[in-house]
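Asker: For reference, the structure I am asking about is given below.
Bear in mind that the values in this text are calculations on the coordinates, not laboratory data. Quantities reported herein were computed from a predicted structural model and do not represent experimental measurements. FYI the Cβ positions are ideal-geometry reconstructions off the backbone, even for glycines, and counts take in every protein chain you see.
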Amino acid sequence: MSKLFFIALFATVVLAQDLPLMPWPANVSRGQGELILNPSFRISSFGGDARLHDAALRLADRLFRETGIPISREFTDVAATLAIIVEEKKTDDESYHLLVDSHQARLTSTGPLGALRGMETLLQLVHIGPSGFSIPAVDIDDQPRFAWRGLSLDVSRHFIPPDAIKRTIDGLAAVKMNVLHWHLSDDQGFRVESKKYPKLQQKGSDGQFYTQAEIREIVAYAAARGVRIVPEFDIPGHATSWFPGYPNLASGTGPYEIVRTGGVLRATMDPAKESTYRFLDGFIGEMAKLFPDPYFHIGGDEVSATGEWSHNPHISAFMKKHKLADFRALQAYFNRRVQKIVAAHHKRMMGWDEILHPDLPKNVVIQSWRGQESLADAARKGYNGILSNGYYLDLMYPASQHYAVDPLKGATAGLSSDERKRILGGEAAMWEELATEENIDVKLWPRLAAVAERFWSLESVADPASMYRRLGPVSHWLETQGLEHLQEIRVMQERLAPDAAPQVAILASILEPMKGYTRHRARKYGSLVPFNRLVDAIPPESDAAREFADETDRAVMRRKLAGWRDNARAVTPKLAANPMLAEIVEVANAIEELCSIGLEALDSHPAPERAQAMLAIIDRDSKPKAEMLIQIAPSIRKIVDPNSMPAVSK
Ligand code: ACM
């Protein structure tokens, strides 16, 4: 074979890798040329169902909005620029084939779901070039690795209104996720209208709940986009919001009100009263009709060991009578009863990994949050499971950290092939103790796209550098498709700093919120605390700091450090004069100091004594300030002393 052939092949491979696709398709190759989008663009659609037709209309609208080219909503039979061909109507198959050349794009799939997934790939490929808007020639054969690719979204700690839920569903569909696990009740709020037990929302929600009409609309909206909605009502713990309306459900004497703080609360549902199960039968029966998905999540996590169960003589007597040795056995008894109710309403029960117990039937699904071991354990014992441990987006870790976690690596790696098949996939989780409707998108996106890739793409698609190269363009694409993660921080920063927003944006670009649960403990948080500070108005991950860490050109490093230093210095008087930003003066001072040290170390190799003094300052400036971290600090430490280890752990 000729040398030229290899050069051509190499060029093709490199180009395919540059495509801004996320999740990365199972097979993708780049062809010659591109399909130019012009006013003669026509869509044809064969097969499928009403859902497919509506999705094709939305695709036309999205292309029209993006390119300004009027895309006909009248589908043609012949000579279409985009031919969508669905071979069968009803199948769960999400695979698709997308072939684009300079004349036509052909999207084929066995079922409508595959076509929906392929449409998102097509839309990700649209870009502007010398010939205007076009789609590169590609041959993509794609299918998901896992059947369950979800987001668990808490709307109890802070209510997220219907429009934001719909936007989130659009985002899930855009990155080929297929489950919204809706955490609808917790200690801090009960978020669904019950007609049978109306005091649940009347006394448990502060008026912030979804009406049944809204739920139906959202469920239909999600189904149209190939996203299932799995409701979760967390019991018997995390259940305080049920009790203001129905105190008899509780194991204590009350009185009860909605919880305004966080943590694991003492209030717990009473598993020793028959009336509890009658209530749950009525409630689950009502919800089973409202939520058509075959799965029903009962929570089951974090039942307080020192809570109400340990103070109720009636519960102690019940445990004795039923030979339940401890609270774990008592919860297993409760779960078994609840599982029978769930099954009687034709649903398959799911729960967090605490529910794993030999007494439960094997069709229960285990969601692993405490560690991957529980997922492996569940699979070994014959249960289906999904992984959430490692995908907690609320903990403000970088995308790369979540991306490195795989449902089939780690503790699950040693499973047999049958056991591995029991692992259905995973879910990212977003708990809302520290997030609100105003910044929900920036807490989710774009990191959720990286998790979506983990669940959809091949296990071998695991290079963080490639992920980050694509995540930037995909993040902007997601914003153009209707998500608001970039807009949210801009608006919040402009409100915080009406007279200095551009300078505050530069300052904020190298900051990140504290990690893990450290911010939860930094002050007394709760639902009545406003989340309107700079720490609430920055992304979890600083692109600028990551890029700086990868920078090797010392001239560029110098320019960046000087820019950050000068900006911090210039903005300080405005910070000091603004009560909302006074806490940032300390941050700006530390940035100025760190950048000055970085510049000094770049300009002249510091003598050992001076280097020691610099490292001590870096340690001090690496500590959280205003609940944020200056994310360039580790890079500056490396400039001063490439071998030193930070003294401060985050
Ligand atoms: C959980 O994070 N308590 C499921």
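Asker: Out of region 609-624, which residues are farther than 11 Å from Leu594 by Cα and within 36 Å of the chain's Cα centre (by Cα)?
Answerer: Lys623, Pro624
Asker: Could you go through region 236-245 and let me know if any residue there is farther than 24 Å from Ile169 by Cβ, among the β-branched types (Val, Ile, Thr) and touching a Pro at 6+ places or on another chain (Cβ under 6 Å).
Answerer: Scanning region 236-245, I find no residue that is farther than 24 Å from Ile169 by Cβ, among the β-branched types (Val, Ile, Thr) and touching a Pro at 6+ places or on another chain (Cβ under 6 Å), so the answer is no.
Asker: For region 403-434, how many residues are touching a residue at least 24 places away in the same chain (Cβ under 8 Å) and either away from the ligand (no atom under 15 Å from the Cβ) or in a loop (DSSP other than H, G, I, E, B) (or both)? I'd like the intermediate steps shown before the answer.
Answerer: Going residue by residue through region 403-434, those that are touching a residue at least 24 places away in the same chain (Cβ under 8 Å) are 403-412, 414-415, 419-420, 422-434.
Next, from what is left, pick out any that are either away from the ligand (no atom under 15 Å from the Cβ) or in a loop (DSSP other than H, G, I, E, B) (or both): 403-412, 414-415, 419-420, 422-425, 431-434.
Count: 22.
Asker: Within region 219-268, can you find the residues that are among the charged types (D, E, K, R) and touching a strand residue (DSSP E or B) at 6+ places or on another chain (Cβ under 8 Å)? Quick ask: steps written out before the conclusion?
Answerer: Going residue by residue through region 219-268, those that are among the charged types (D, E, K, R) are 225, 228, 232, 234, 257, 260, 266.
Once the filter is applied, which keeps residues that are among the charged types (D, E, K, R) and touching a strand residue (DSSP E or B) at 6+ places or on another chain (Cβ under 8 Å), region 219-268 yields Arg228, Glu232, Asp234.
Asker: While we're looking at this one, here's another question. Tell me the residue from Leu471, Leu458, Leu511, Leu486 that is more than 21 Å from Ile591 (Cα to Cα) and surrounded by 20 or more Cβ atoms within 10 Å (Cβ to Cβ), please. Spell out the reasoning first.
Answerer: Details: Leu458 fails: surrounded by 20 or more Cβ atoms within 10 Å (Cβ to Cβ); Leu511 fails: more than 21 Å from Ile591 (Cα to Cα); Leu486 fails: surrounded by 20 or more Cβ atoms within 10 Å (Cβ to Cβ).
After ruling out the rest, the residue left standing is Leu471.
Asker: From the list Pro231, Pro255, which one is of a type outside the set (Phe, Trp, Tyr) and outside any loop (DSSP other than H, G, I, E, B)? Step through it out loud before you land on a result.
Answerer: Numbers: Pro255 fails: outside any loop (DSSP other than H, G, I, E, B).
The conditions single out Pro231.
Asker: For the list (1) over 29 Å from Glu592 (Cα atoms); (2) among the aromatic types (Phe, Trp, Tyr); (3) out of contact with any Lys or Arg (no Cβ under 7 Å at 6 or more places or on another chain), I need the number of the one condition that Phe531 fails.
Answerer: Status for Phe531: all satisfied but (1).
Asker: Checking Ser460 against (1) assigned to a loop (DSSP other than H, G, I, E, B); (2) more than 22 Å from Gln143 (Cβ to Cβ); (3) away from the ligand (no atom under 16 Å from the Cβ); (4) out of contact with any helix residue (DSSP H, G or I) (no Cβ under 7 Å at 6 or more places or on another chain): exactly one of these is not met. Which one?
Answerer: Result: Ser460 passes all but (2).
Asker: Tell me, which helices (runs of 4 or more DSSP H) wholly within region 464-529 include 2 or more residues that are closer than 18 Å to Ile440 by Cα and of a type outside the set (Gly, Ala, Ser)? Steps first, please.
Answerer: On the way: elements: 464-480, 485-496, 501-508, 518-522.
In region 464-529, the matching helices (runs of 4 or more DSSP H) lie at 464-480, 485-496, 518-522.
Asker: Got a sec? Which helices (runs of 4 or more DSSP H) wholly within region 575-650 have at least 1 residues that are within 28 Å of Val504 (Cβ to Cβ) and either hydroxyl-bearing (Ser, Thr, Tyr) or touching a residue at least 40 places away in the same chain (Cβ under 8 Å) (or both)? Before you say what the answer is, go through the steps one by one.
Answerer: Numbers: elements: 585-603, 608-621, 633-640.
Ranges flagged: 585-603, 633-640.
Asker: Which residues, counting only those in region 534-548, are farther than 20 Å from Ala450 by Cα and either within 23 Å of the chain's Cα centre (by Cα) or surrounded by fewer than 14 Cβ atoms within 10 Å (Cβ to Cβ) (or both)?
Answerer: Within region 534-548, the subset farther than 20 Å from Ala450 by Cα is 534-537, 548.
Leu534, Val535, Asp536, Ala537, listed by residue number.
Quick grid of which residues meet (1) of a type in the set (Gly, Ala, Ser); (2) buried (at least 21 other Cβ atoms within 10 Å of the Cβ):
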{"site": "Leu122", "(1), (2)": "no, yes"}
{"site": "Gly129", "(1), (2)": "yes, no"}
{"site": "Gly132", "(1), (2)": "yes, no"}
{"site": "Ile135", "(1), (2)": "no, yes"}
{"site": "Ile140", "(1), (2)": "no, yes"}
{"site": "Gln143", "(1), (2)": "no, no"}
{"site": "Pro162", "(1), (2)": "no, no"}
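Asker: Give Asp499, Asp550, Asp566 a once-over and let me know the one that is among the acidic types (Asp, Glu) and within 22 Å of Ala399 (Cβ to Cβ).
Answerer: On the way: Asp499 fails: within 22 Å of Ala399 (Cβ to Cβ); Asp566 fails: within 22 Å of Ala399 (Cβ to Cβ).
Step by step, each of Asp499, Asp550, Asp566 is checked, and only Asp550 is among the acidic types (Asp, Glu) and within 22 Å of Ala399 (Cβ to Cβ).
Asker: Right, next: I'm trying to understand the selection: among the residues of region 435-449, which are buried (at least 24 other Cβ atoms within 10 Å of the Cβ) and acidic (Asp, Glu)?
Answerer: Asp441
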